[in-house]
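The values are calculated or read from the model by the stated rules, or taken from the named source; none is laboratory data. Since this is a predicted model, take the numbers as computed values, not measurements. With ideal geometry, Cβ positions are generated from the backbone for all residues, glycine too; neighbour counts draw on all protein chains shown.
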Amino acid sequence: MVLGGRKVRVERPRVRRVDGGEVQLETYRTFHDEDVLTEMALERMLHGLSCRRYRHGLEPVGEEGYGTSKSAISRRFVAATERQLADLLARPLGDLDLVVLMIDGIVLAEHTVVCALGIDRGGRKHALGLWEGATENAAVCKALLSDLVERGLDASRGLLVVIDGNRALRAAVEATWGDKAVVQRCQEHKKRNVLEHLPKSKRARIQRELNEAWGQADADAARNALESLARRLQVEHPGAAASLREGLEETLTVIALGVPEALKLSLRSTNAIESMQSILRDATRNVKRWRNGRQALRWTAAGLLEAERRFRRVRGYRYLPQLAAALHRRVIAGKEGARTQKTA
């Protein structure tokens with residue numbers, strides 16, 4: 001039977017009816033179920049216990065037991081993560097009232113996995129899916145978004161998509177949802193890109209100016225401040241100026257939508273999905289060798305679901321209905337503009 005994370009041998013009492021036939025003991029059936037071993041292997045390995053040292057993390061039960069070898073634990077972990085990957089990729093999304101979609105990639109050795117995180121109207125976060133490949137790959141981006149749509153992700157009332165600014169991903173968002181999706185470029189990614197073009201002596205000051213510009217409550221004021229900064233950088237640091245101008249308008253999306261400051265801090269960057277990925281990195285810290293893409297997908301799925309258990313509502317979630325209303329107004333305005341243009 002299963003005891004203390006291992007299988008131990010016991011003397012099983014056998015009970016027979018007086019009129020013939022054996023009676024199955026409910027207690028024995030419960031303790032004989034090996035599913036708990038798989039669940040324990042999954043949980044302990046995600047929390048840092050390796051296959052080689054697995055038996056040292058088990059509680060003492062007075063029996064040595066078996067089923068705790070490196071190969072046995074590995075088989076159980078593979079089976080559990082395969083099941084989790086299949087469940088994650090088959091999740092229906094039609095019942096989720098999603099307002100925000102965040103997409104970012106994580107690198108595991110030579111493998112890149114693109115992850116998608118959704119935020120519903122109540123501020124709850126949901127791991128939506130994953131795909132092997134980089135966000136620079138247009139085919140990967142289109143495949144991921146198409147998969148989300150096929151599973152029921154509805155953007156008909158408007159959707160805010162927060163991305164790192166990759167062009168292939170930006171094009172895939174537009175091709176999939178058109179005017180229904182509005183893109184917010186991650187301000188933190190943009191900031192890092194700009195600062196990389198500057199000498200270290202100037203980075204603190206430019207970073208402060210960027211933060212002040214994006215901290216404006218008015219999109220026009222923020223735009224003017226950023227364009228002024230780009231003009232001042234143009235002569236001495238043209239690379240930084242060009243980086244700042246590229247996609248500048250999409251770094252102001254949450255400001256233009258009138259998102260209150262408390263919620264704006266949660267949506268101005270991809271920090272929410274990067275926080276989820278940090279839990280994944282912590283769970284995979286003992287993996288010394290990534291053999292193939294399937295292994296990367298299994299571990300990523302397990303890590304995302306583990307992170308999902310720790311999710312809290314996003315800061316400023318009470319203002320998400322206000323954001324949803326603003327997105328819906330944009331969709332309606334876009335339809336009316338298209339009808340006017342067609343009539344003309």
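The table below gives the values:
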read-out: Leading residue by the ranking (nearest to G94 (Cα to Cα)) among those in the range 127-138 that are touching a strand residue (DSSP E or B) at 6+ places or on another chain (Cβ under 8 Å) and not in a loop (DSSP other than H, G, I, E, B); value: L128
read-out: Checklist (1) outside any loop (DSSP other than H, G, I, E, B); (2) surrounded by fewer than 23 Cβ atoms within 10 Å (Cβ to Cβ) applied to C141, failing item; value: (2)
read-out: Single residue of R309, R245, R291 found to be without any contact (Cβ under 8 Å) to a residue 24 or more places away in the chain and within 23 Å of R91 (Cα to Cα); value: R309
read-out: Considering residues of the range 144-169 that are without any contact (Cβ under 8 Å) to a residue 40 or more places away in the chain and out of contact with any helix residue (DSSP H, G or I) (no Cβ under 6 Å at 6 or more places or on another chain) only, the residue surrounded by the fewest Cβ atoms within 10 Å (Cβ to Cβ); value: E150
read-out: Scope the range 245-260; condition of a type in the set (D, E, K, R) and over 23 Å from the mean Cα position of the chain (by Cα); matching residues; value: R245, E246, E249
read-out: Test result for R223, free of Cβ contacts under 8 Å to residues at least 24 places away in the same chain, in the same structural domain as R170 (by TED's automatic domain parsing) and surrounded by 15 or more Cβ atoms within 10 Å (Cβ to Cβ); value: no
read-out: Where G239 falls short, out of the listed (1) in contact (Cβ under 8 Å) with a residue 40 or more places away in the chain; (2) over 21 Å from T270 (Cα atoms); (3) exposed (fewer than 13 other Cβ atoms within 10 Å of the Cβ); value: (3)
read-out: Output for the range 273-298, where each listed residue is among the hydrophobic types (A, V, I, L, M, F, W, C) and under 15 Å from the mean Cα position of the chain (by Cα); value: I273, M276, I279, L280, A283, A296, L297
read-out: Considering residues of the range 260-286 that are among the polar types (S, T, N, Q) and in a helix (DSSP H, G or I) only, the residue surrounded by the fewest Cβ atoms within 10 Å (Cβ to Cβ); value: S278
read-out: Any hit, the range 318-335, residues being outside any helix (DSSP H, G or I), touching a residue at least 12 places away in the same chain (Cβ under 8 Å) and not polar (S, T, N, Q); value: no
read-out: Single match in A302, A333 (criterion: of a type in the set (G, A, S) and surrounded by 15 or more Cβ atoms within 10 Å (Cβ to Cβ)); value: A302
read-out: Those residues of the range 151-184 which are among the charged types (D, E, K, R) and either at pLDDT 95 or above or touching a Leu at 6+ places or on another chain (Cβ under 9 Å) (or both), in sequence order; value: R151, D154, R157, K180
read-out: Pairs where the first residue, in the range 58-73, is on the phi < 0 side of the Ramachandran plot and the second is part of a helix (DSSP H, G or I) and modelled with pLDDT of 70 or more, C-beta under 7 Å, 6+ apart; value: I73/A41
read-out: Test: L248 is more than 18 Å from W214 (Cα to Cα) and either of a type outside the set (D, E, K, R) or surrounded by 15 or more Cβ atoms within 10 Å (Cβ to Cβ) (or both); value: no
read-out: Criterion (over 30 Å from E196 (Cα atoms), more than 14 Å from the chain's Cα centre (by Cα) and of a type in the set (G, A, S)) met by exactly one of A302, A242, A326; value: A326
read-out: Wholly within the range 151-259, helices (runs of 4 or more DSSP H) carrying at least 1 residues that are closer than 25 Å to R330 by Cβ and of a type in the set (D, E); value: 167-177, 187-195, 219-234
read-out: Selection within the range 1-31 - in contact with a strand residue (DSSP E or B) (Cβ under 7 Å, 6 or more places away or on another chain) and assigned to a helix (DSSP H, G or I); value: F31
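Conditions tested, residue by residue: (1) loosely packed, with under 12 Cβ neighbours inside 10 Å; (2) in the same structural domain as T135 (by TED's automatic domain parsing); (3) at pLDDT below 85.
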| site | (1), (2), (3) |
| --- | --- |
| R9 | yes, no, yes |
| R17 | yes, no, no |
| T38 | no, no, yes |
| A41 | no, no, yes |
| A79 | no, no, no |
| I103 | no, yes, no |
